[in-house]
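To start, the structure itself, in structure tokens.
The values are calculated or read from the model by the stated rules, or taken from the named source; none is laboratory data. These numbers come from a predicted model, not from an experiment. No Cβ is skipped: glycine too gets one built from the backbone with ideal geometry, and neighbour counts run over all protein chains shown.
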Amino acid sequence: MKNIRLTDILFYFAFAVVVIIAVFFDRKYLAYALPIIIVSIGVIYFERAVKINFWYVLSLISMIICDTLIYIDFVKNFATICILTAIYFIACTLALRKYLLVKNIKRSTFLSIPILVSSGLVVYLIYAISQLLIDVVKEAIPEVVVCLIGSTSYILVSYLIYVQDMSKEGLKLIVVAFLCIFIVSLLPINELFYSSKIFTVFINIAHVLSLYLFMKYLVRTTPEKEMPVHENYL
């Protein structure tokens, strides 16, 4: 059994604090607790990563600001939250660019049953949420579109990396992608239409797990191939 490091203990403690706040206290306190847990994930990454990925660091910074704004005033900061979420997804996508060889992508990959079904569900989900939000956030439609483009690109790249089996840890990316879909779908409903303690707990557990698993993927996985100048990567 591997020894548990101090950084792991700090993460577990911060995670417990987030769950306790979500269950028993006003969720406005999550504006302080979530940045702390993201910082603890960043500390684990800096401690264990062989090479620091700038894009991943940028994703953490954007998410720290985003989480703070969500629980300060979701409605007032909605447009900014969408932009920061888009930056997070785009930065995560760029952090994965070395893991995906463009020349290895086959046309049949996009026509497989799993990707078609998943794409259909995502499109329907986007449509349903858009119809729900359109009257509430009319002035932020461009920001919502940018956010959806960023999240879709991240989900697509995660799927392609998993399908290419370039890493034994690839399943983590699929899990994180599904968690992100869950969060992006449920958060606006919880903040704008139907506020629930249960939703808040599930959203934040999923949020922390998605951040932690993605960090673990980057720490434990390296591209099978270094990026030569003549190779075309995403």
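Quick notes on this structure:
- Phe54 falls short on exactly one of the conditions (1) surrounded by 15 or more Cβ atoms within 10 Å (Cβ to Cβ); (2) modelled with pLDDT of 65 or more, and that condition is (1).
- Qualifying residue in the range 157-165 (condition: of a type in the set (Phe, Trp, Tyr) and modelled with pLDDT of 85 or more): no
- Looking at Ile83, Ile41, Ile105, Ile21, just one residue is among the β-branched types (Val, Ile, Thr), surrounded by fewer than 15 Cβ atoms within 10 Å (Cβ to Cβ) and either over 26 Å from Val144 (Cα atoms) or at pLDDT below 95 (or both), and that residue is Ile105.
- In this structure, Ile83 does satisfy being part of a helix (DSSP H, G or I), touching a residue at least 60 places away in the same chain (Cβ under 8 Å) and under 19 Å from Cys180 (Cα atoms).
- When residues of the range 211-229 are limited to those that are hydroxyl-bearing (Ser, Thr, Tyr) and closer than 16 Å to Val43 by Cα, the one modelled with the highest pLDDT: Tyr212
- Output for the range 1-60, where each listed residue is charged (D, E, K, R) and under 23 Å from Tyr71 (Cβ atoms): Asp26, Arg27, Lys28
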